[in-house]
Structure formats: structure tokens, C-alpha cells
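Here the structure is laid out as C-alpha cells; the discussion comes afterwards.
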Amino acid sequence: MGALPPDPQGYLEEDEMMTPQSEAELADIIAGANGPLCIEGGGTRGIEVPGERLSTGGLSGVTLYEPGALTLVVQAGTPVAEIEALLATENQRLAFEPVDFRSSLGTEGEPTIGGVVATNASGPRRIQGGAARDFLLGVRFVDGRGEVLRNGGRVMKNVTGYDLVKLMAGSHGTLGVLTEVALKVLPRSETEATLAVEEIDLAAGIACLSAALGSPFDVTGAAYDPDAQRAYVRLEGFEASVAYRAKALREQLGRYGAVTEVSGSGELWRGLRDLHDFAGLEGDIWRVSVKPTDAVELIPTLGATRCLCDWGGGLVWALMPEGVDLRQRMTVPGHATLIRSGAGTSVPRHHPEPASLAAISAGLRRQFDPRHILNAGLMG
Amino acid sequence: MEMPTPNAAILARKAELLKRLQQVLPDDALISDEAETRAYECDALTAYKCPPMLAVLPRSTQEVSDVLRICLDMNVPVVPRGAGTSLAGGALPTADCVILGVARMNEVLETDYANRIIRVQTGRTNLSVSGAVEEEDFFYAPDPSSQLACAIAGNIAMNSGGAHCLKYGVTTNNLLGVTMVMMDGTVVEIGGAHLDAGGLDLLGVICGSEGQLGVVTEATLRILRKPEGARPVLIAFDSNEVAGACVSDIIKAGVLPVAIEFMDRPCIEACEAFAKAGYPMCEALLIIEVEGAEAEIAHQLGLIVEIAQQHNPVELREADDADEAARIWLGRKSAFGAMGQINDYMCLDGTIPVSALPQVLRRIEEMSAEFGLKVANVFHAGDGNMHPLILFDANKPGDLERCEAFGAEILKLCVEVGGCLTGEHGVGIEKRDLMLHQYEAADIEAQLRVKDVFDPKWLLNPAKVFPLSSTENRRTVCLAAE
């Protein structure tokens, strides 16, 4: 450890990371743990909580893939890239567009499906098709007692008992360590097209996205770039259908500004999804969730270096000067997550909850992780 | 179906409870007369009836909070009720409970087309939510077949689906926020007009919790712009296997219809006799609906027809106008009514992987002979949500029990092939005792621990969802401590 810089957050060398090769082994490790554990998928989110590092990387592989039933069951440590390649062979995809944080956070490693699910990391298509949690059909996980638990299943409709599947999605490893997830997958679109509305200010930009999302044309992406003063609207589907809708939408959005068709639609949305524009820039990265039209009030009050709006305005990415607590500047309802920050920041990563909800969350964490050892303190 | 023995100590305090409730509710919100409480003795699972001790019909979140606080203080179980359309007995009372009905809370609180949301009180019926936004050409997507009568409160409790959820998802995918009253009277706001609530996904666990975690009084729902048009196609096959293979091929080809409905021969015959929709007599019938602009509809239907032709359908009927489209849907939409006319029936809703369809239908047919009860199948084929309708005669001694035994075998079969006990109706009392076929004891225990957090005294709808034996300690411990 002598060669490493001092590390109060409990960083250990790579070879000191525990990487169980089976669910049973993982359960043994958790049951036998006598201190906090820092749960890690591919390590691309740069999460550092105190404790021994425990990786799901050893739990990898596809358990079941049935294209005709739109069903995929995979082990939690399976790389997302591997899954996407497999789905592509059947012209299918993960419809919620998992975000890849590597470029914006400056991290390395391979995003895993377990990490995606645990953080509910959903891209632009969330506005139309839903988030990771909406596509999650079932989970297996090991709770903080070391017990292997199962909820949901592999079928699309399932209301048998409580939906702990949703509870696990976005729980950031604080209730249990995912070992296997079942997902609904969808057909890949035959083609896509993106319209850009040029030279449009924030208020008009968000109004334009609202109009597009409120049209019958099944918009699957609605973003606004305040720096470029440009609104983007994506359409996907069969060729003839996309052409028809692009034409109709072009006419409808013409009143907001000059409408052009973007070349390289796929690349554009990958960039928006993964915050390519924020890569390498100094400052803290915040993710703010608000009512879409509230973005108009929110953004000018933030004093951000750079902003991007996705989900019709409902998701605002903000690059803020280091150490500034964006939450203090919010005048609209919603919540903000600190995605990237400088070392030693005192600003909590997750938005503090109102007392009544915090009590419920703490109660749930006590039930699933009574010793408070799983990613302790990460969410509250 | 066994229900817990009513608690004599609670029954003995009825007058005191009534007096305390009178202090927080107007007279017309409180029903204590035995003749009147009978109106709440069952839901749509009418085989089981039990009048509650009292029923309350509050008009505000505050009144709900007052009622729950008093019931907690007096250890009285509370059974929340939407419109009472549960097919699983979700709103079935016990003799020592208070029925808390939200039907009088049915206002639209806010519509916001720019953000595509509507905020309603949860006593509002499903269809009238769509009705409230229809003039702007919007709609609320989840469409359970009881949508004319069922309330949003019940939709949230059961995480209701519908025929069109293949494309639009079920209630949980269209619910953005709730105002919920906890058993101790605390009012919590979860989520809202923003797309994802912060923190743990409490909304996700509340939706589908069958009224056991809290009473949801207001909901923020996602509304969508109506597509320009929709059109069905009807395809008839001479075997269930071929129809199943056709569904799978359509999905694999990248077409995502809004609905794929499947009917088997007994169902087709019954519907035809009842509704005279002119359905072809065949072994299996698919009704597939696609949406969009005219050009898109034509394109998608073209692909579907091309795939269907490869499976040699005995008949393929496209709708050239609205009238023909309505005729295609007519039989399907009257399926339950048709069954009701022939007989008493029990409607199951187990879900299976689509690939297991032929195998499951074959096995159901065999079991039908074994039990000596007819069964008709109608279901949402795209997502594998089955609706076997078992026909029986309620007046014939032993028939109900035989029907329930048959139903249980079908549901076990669903679990065996990789599916689940219930896709959209909920567990209620109906499937409560089958839960251990789907989950290990530890998996059930994890769910019970969730209820412990929200309702530590186990007073909210306590005798539902889980086998009574697995919840007995929790249900009785607090009462004993009294």
C-alpha cells in the first residue's frame, strides 16, 4: 500500500478485491463479513464507500435468451457489451438504453448489467419506453444477512406478491447484491431519424419538446442543448413509418424554428446519453430530475458551467463548479444526484429524503441489511 | 377459503370505535347498520362473502388519515376498497374489520398536457381518467377489462394490466407519484410529476402491494397522446401450437403490436353463440391490433399477414373499416359475458412464457377431462398472461371446491413451466395459499419484512396475499399485546 496515495475512503489494491465465482460463494462472503462491503459491478461509476471491495464480475453469463418471448436472463456480472452483442444477433436490444458513464466520469472497466440495474441507469428512450426498472422482470440477490432471495420471475406480467424487483432496481446495492436479473428486451428499430430545431432558446426549446412528445408520432428521444440552442427529437421504427412521422413532425415543429434532419442520429444520442460533452471538463456533474417544463425555471438558477436536458426537460445534467451544492439552488420540486465530485466533498451523493420517507427507507435497509454493511451510507 | 377467526375483543369495542369515528367523519361517511354493511360483503370474487364490522367512505386524505389513526389506536384491521371489482378477493372483509372505501374521492386534481400527466383522487374509475383527457386526444394506457367500473386505487393496489399493455406497460409503468396514508395516519408524498422518484423505488413496491402498505388517496399518472388510428386483424388456425408459433414469429420479426389476443375453440364457440360476431370455427384464433398512421398500420399488418401466411391459417380477416374492426373485437370483448351466460365460471390469470403455450394448453385440456369441468381459454398472448375460464355450477354441491382444485392445478402448472400465479389480478385470498409453490419460505419472509416496515402492527388488509400460516405470528402478536 506504500506506493499508493493515502486513501481515507478505503481503497484497496485490485488483487485485494473479492470476486466470488458463484452465488453460493457470494452468500458465504456476505454472511461471514465482519465489516462493511463496497459492492462493485464493472467499477465504472467510481463509487467509493468504505469497506472491502466485493465484485460481481465472477458471476457472468447468459442463463436464458428467448427472442420470441422477448426474454433475457443473465448473471449480474455480465458485461453490457456482451449482452448488446448477443441481442444484436436477433435484431433486439435493451430498450432503456443503459448509460455508459466511462467518458464523463473518467473511469475504466466494463459496465455490467448488475450495475446498470442497481443504479437504474436509463438513457434517452426512458421518456417513451421506460427506465431499466420498467424492463426488469425478476431478480436473484443476496441480502445483507447472506441469504439468497428471489423475486419476480421471467414473464412479462407478474403481480404475485410484492414487487421487490422494482425495489432492487436503483437500490445501489444497499439492500442486496444482485446475482441474476431477468429482463424484457425489445426489437431493434429498423431505422431512426432525428430532427433538430435550430436557434431556439430554453423556454421555446422545452415547449418544442413538449409539443413533440404530446404528438401522436411516438417520439423516442427529446433533448435540448442550451449551449447549442438546439432541440433534438428522435423517431424510430420501420422505414416508411419513420419517414411519414418525420415529415408530419417537421411541419408541426416548424413554428419553433428552422427544422433540419441530423445525420448520424445514432452517434448523436449515444453522445447525449453518455454525456460526451462533459468528458474532461472540470467540475462536479449533477443529475437533476424535475417535471419537464420546470427545466425552464431550474437551469438559469443553477449557475452551471454547462447543462444538457434530456427526457423532454425532465432530466437535467449540470456541470457545476466544484463543491457547490446544487440542491441549495433548486427552486422547483424534484431531486438531484451528485454523479461526479472532487475528493472529500461533504455534499451527499443522493438527495436527502423528507423525514417520513427517510424513515421508511431506513426501515427497509434495516430489514434487508441489518448489520448495515452493504454500500453503507451510499444512499443515506 | 379459510379466513382468520374474528377477534372477539375487537367486536366488543364496536360501539366505542363507532363513537370515535363519528368525531372525525360526517354521518353519511359512516356505515354501521348491518343491512347496509352487507353492500361491502364481497368484491367480484362473489363466492366469498362476509359483511365488515363497519364501512367508512371518507372524502379527503385527512379523513382517511383520521380513520387509520383511530383504527391503529384500537387495533382494528382495515380493508381498503376501490370499486370492489377484484377477482381475487382483494377487498373481501373480515367480520372484525373496517372497510375503507375511497369511491367518493373521485376528483381530477390537475391535468397537464405539456408534462403529460394527470393527478386524480384514487376513487376515480379507470375509464373516466381517459375520459377526462379525451378532448385533447390523450388517454391513460392501462385498460383492465373492468375499466368502466374499477378504480385507480384498486389498479394501483393490484398493479392492473389490460389488453394493450404489451406496448404500454401495466399500472406500475404509468404511475409517477402517489399521496399515501400510512397506517399510523402519516401522509407521505412519493414521486410526482418528475419521471423518477429519488431514493429507493418505494413507488415500485407500493404498486401491487394489494392495499397492505398504505392507503393511496391521490395518484399522478402518465397520460399519452392517442395514436392516429388502430386496426385489428383476425387469424384463425387449426391448432394451438401453430397459433403460438405464429405469435412468436411475429414478435421475432420486430413487429410490436399493441395487443395480441388468443382464444381457443371452447371460447370461440361460447362467444359465437353469445355475440354472433361471425368468427370462424377453428382451434385457435388470434386478434392482433396495430396502431399508428394509416401508412404504418398498413405496413405492420402487411408484415403480420406475411408471417401468418407461412403458418397456413384457415382464415385471415382484415378490417377494411371501423365497422369490421368492431366486429373482430366484438366476440373477444364479450368473452366473459358469454361465459357468464352459460355457467358460473372462475377466471384465472396465471402467466407463462409464450414458448410454453402449446404444452400448457394441452395439459389444461387433459386436466379438464380429469376434473370433469369444462374450461375455455382466452388470453393476452403477447405477454403470456393466460385467462383460463373454468365453468362450474355454483348450485351443485362440491362443484366450487372441484373448480378451485382444478384452478390450483393450472396455476401450479404455470409456475412449473417458468411462469407465475397471477399476471394482473393479484393474489388476494384466491391464490394466497399457493404462494409457497412460487416462492421459497425465505422469499416470502423478505416480503413480510417489507410490510413490517410500513405497517408494523399488520392491520392493513392482513389476511391477504400470503398463506395465513406464514403471517399468523405477525397478525396476532400485536393484538395479544393489547
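The values are calculated or read from the model by the stated rules, or taken from the named source; none is laboratory data. What you see is a predicted model, and the numbers here were worked out from it, not measured in a lab. Note: ideal-geometry Cβ built from the backbone for every residue, glycine included; neighbour counts use all protein chains shown.
The table below lists the values:
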item: Hits in the stretch B:413-427 - residues which are within 16 Å of residue B:346 (Cα to Cα) and charged (D, E, K, R); result: B:424
item: Condition check for residue B:373: within 24 Å of residue B:269 (Cα to Cα), more than 20 Å from the chain's Cα centre (by Cα), assigned to a helix (DSSP H, G or I) and away from chain A (no Cβ under 13 Å); result: no
item: Qualifying positions in the stretch A:190-227 - buried (at least 22 other Cβ atoms within 10 Å of the Cβ), touching a strand residue (DSSP E or B) at 6+ places or on another chain (Cβ under 6 Å) and within 12 Å of another protein chain (Cβ to nearest Cβ); result: A:208, A:209, A:212, A:213, A:219, A:222
item: Matching residues in the stretch B:193-230 - criterion: being touching a strand residue (DSSP E or B) at 6+ places or on another chain (Cβ under 8 Å), at the interface with chain A (Cβ under 7 Å from one of its Cβ atoms) and closer than 18 Å to residue B:157 by Cα; result: B:202, B:207
item: Condition check for residue A:140: basic (Lys, Arg), assigned to a strand (DSSP E or B) and within 13 Å of chain B (Cβ to nearest Cβ); result: yes
item: Enumerated helices (runs of 4 or more DSSP H) restricted to the stretch B:58-173, each holding at least 1 residues that are of a type in the set (A, V, I, L, M), surrounded by fewer than 19 Cβ atoms within 10 Å (Cβ to Cβ) and assigned by TED's automatic domain parsing to the domain that holds residue B:203; result: B:126-133
item: Which listed residue, of B:160, B:145, B:128, is touching a residue at least 40 places away in the same chain (Cβ under 8 Å), more than 30 Å from residue B:4 (Cα to Cα) and small (Gly, Ala, Ser); result: B:145
item: Subset of the stretch A:38-55 that is under 18 Å from the mean Cα position of the chain (by Cα) and not small (Gly, Ala, Ser) - its residue that is modelled with the highest pLDDT; result: A:39
item: Some residue of the stretch B:299-322 being out of contact with any helix residue (DSSP H, G or I) (no Cβ under 9 Å at 6 or more places or on another chain) and buried (at least 19 other Cβ atoms within 10 Å of the Cβ); result: yes
item: Filtered residues of the stretch B:326-351 (kept if outside any strand (DSSP E or B), within 13 Å of residue B:377 (Cβ to Cβ) and in contact with a strand residue (DSSP E or B) (Cβ under 6 Å, 6 or more places away or on another chain)); result: B:332, B:335, B:339, B:348
item: For residue A:242: the one exception among (1) surrounded by 14 or more Cβ atoms within 10 Å (Cβ to Cβ); (2) among the β-branched types (Val, Ile, Thr); (3) assigned to a strand (DSSP E or B); result: (3)
item: Some residue of the stretch A:75-84 being touching a helix residue (DSSP H, G or I) at 6+ places or on another chain (Cβ under 9 Å), assigned to a loop (DSSP other than H, G, I, E, B) and without any contact (Cβ under 8 Å) to a residue 60 or more places away in the chain; result: yes
item: Residue A:150 vs. criteria among the charged types (D, E, K, R), more than 27 Å from residue A:292 (Cβ to Cβ) and in a loop (DSSP other than H, G, I, E, B); result: no
item: Conditions (1) more than 25 Å from residue B:355 (Cβ to Cβ); (2) in contact with a strand residue (DSSP E or B) (Cβ under 8 Å, 6 or more places away or on another chain); (3) more than 9 Å from chain A (Cβ to nearest Cβ); (4) of a type in the set (A, V, I, L, M); number of the one not met by residue B:446; result: (3)
item: Single residue of the stretch A:86-122 satisfying the filter (assigned to a helix (DSSP H, G or I) and over 14 Å from the mean Cα position of the chain (by Cα)) that is nearest to residue A:308 (Cα to Cα); result: A:103
item: Residue match in the stretch B:357-372 (condition: buried (at least 22 other Cβ atoms within 10 Å of the Cβ), at pLDDT below 95, in contact with an Asp or Glu (Cβ under 7 Å, 6 or more places away or on another chain) and of a type outside the set (Phe, Trp, Tyr)); result: yes
item: Helices (runs of 4 or more DSSP H) within the stretch A:263-380 that include 2 or more residues surrounded by fewer than 19 Cβ atoms within 10 Å (Cβ to Cβ), more than 14 Å from chain B (Cβ to nearest Cβ) and over 19 Å from the mean Cα position of the chain (by Cα); result: A:295-302
item: Entirely in the stretch B:401-482, the helices (runs of 4 or more DSSP H) that have 3 or more residues that are within 23 Å of the chain's Cα centre (by Cα); result: B:435-438, B:441-454
item: From the options B:291, B:296, B:283, B:272, residue that is within 19 Å of residue B:242 (Cα to Cα) and either hydroxyl-bearing (Ser, Thr, Tyr) or outside the structural domain of residue B:358 (by TED's automatic domain parsing) (or both); result: B:283
item: Of residues in the stretch B:449-459 being touching a Leu at 6+ places or on another chain (Cβ under 7 Å) and over 21 Å from residue A:146 (Cα atoms), the one nearest to the other protein chains (Cβ to nearest Cβ); result: B:454
item: Residues (among the small types (Gly, Ala, Ser), farther than 22 Å from residue A:57 by Cβ and surrounded by 24 or more Cβ atoms within 10 Å (Cβ to Cβ)) located in the stretch A:154-189; result: A:161
item: Unique match (being closer than 22 Å to residue B:382 by Cβ and buried (at least 24 other Cβ atoms within 10 Å of the Cβ)) among A:69, A:118; result: A:69
item: Some residue of the stretch B:344-356 being more than 22 Å from the chain's Cα centre (by Cα) and farther than 23 Å from residue B:257 by Cβ; result: no
item: When residues of the stretch B:21-41 are limited to those that are closer than 28 Å to residue B:179 by Cβ and under 26 Å from the mean Cα position of the chain (by Cα), the one surrounded by the most Cβ atoms within 10 Å (Cβ to Cβ); result: B:40
item: Residues that are closer than 21 Å to residue A:235 by Cβ and either at pLDDT 95 or above or assigned to a helix (DSSP H, G or I) (or both), drawn from the stretch B:291-313; result: B:294, B:295, B:296, B:297, B:298, B:299, B:300, B:301, B:302, B:303
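Each row is one residue, and each column tells you yes or no for (1) closer than 29 Å to residue A:292 by Cα; (2) touching a His at 6+ places or on another chain (Cβ under 7 Å); (3) crowded, with 24+ Cβ neighbours inside 10 Å; (4) of a type in the set (Val, Ile, Thr).
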residue	(1), (2), (3), (4)
B:180	yes, no, yes, no
B:185	no, no, no, no
B:196	yes, no, no, no
B:200	yes, no, yes, no
B:216	yes, no, yes, yes
B:220	yes, no, yes, yes
B:249	no, no, no, no
B:282	no, no, no, no
